[in-house]
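None of the figures in this text is laboratory data; all of them are computed from the coordinates on show. Small disclaimer: the values here were computed from a predicted structure and weren't measured. Here the Cβ positions follow ideal geometry from the backbone for every residue, glycine too, while neighbour counts run over all protein chains shown.
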Amino acid sequence: MEEKHESQIDLNENLSTNQLEWKTHPLKKRPMAATLVTIFIFVIAILVYSMTESKIFPTLALVVLFASLAKFYLPTRFLLDDRYIMIKSTTQTIKKEWINFRSFYPDKNGVLISPFLEPTRMENFRGLYLIFDNNKDEVITFVKNHINPEASLTKENR
């Protein structure tokens, strides 16, 4: 009889047969917006330079503006399985269990999953936003099947 190592057991426990995975990259989907936003960022840097005549402040402005728009410029990967939701971007990985979420609110670009039963201003900070990539129906169906059935009686068109 073959012995199983602890790492093999953990690996097999994390495998899920029911999962949904996709990647979004808004920059590629909206090239005109990407061009306009990039021009705007550089115009701001030029204005900061003309007002301060320092190289440090425009550089800082470029870094801050790019960082604030990282989800637009860089790809984000989404992985949903029976136990977890994982959102992996270039700068961070967020992994949460489905049991933490009690409601969801789809819109035309994605679905907000919230830890609250009722709509609240805090859900934008505590919830997760899953951006669609030509897979709206699959994502909404997956979310419906994994949010507590009593909690999923939410308005789909908020």
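Taking amide H positions as modeled 1.01 Å from N, with prolines and chain starts lacking one, the residues under 5 Å from PHE116 and 5 or more places away or on another chain are ARG102, SER103.
Protection proxy ranking of 21-31, 91-101, by the mean of other Cβ atoms within 10 Å over each peptide's residues and highest first, is 21-31, 91-101. Using Stokes-Einstein with the Kirkwood hydrodynamic radius over Cα pairs, what translational diffusion coefficient do you get for the range 62-150 at 20 °C and a viscosity of 1.002 mPa s, in µm²/s rounded to a whole number? Translational D for this selection: 155 µm²/s.
Computed over the alpha carbons of the range 26-71, Rg followed by Dmax gives 11.7, 36 Å. Here the residues GLU118, GLU138, ranked from fewest to most Cβ neighbours within 10 Å of their Cβ, fall in the order GLU118, GLU138.
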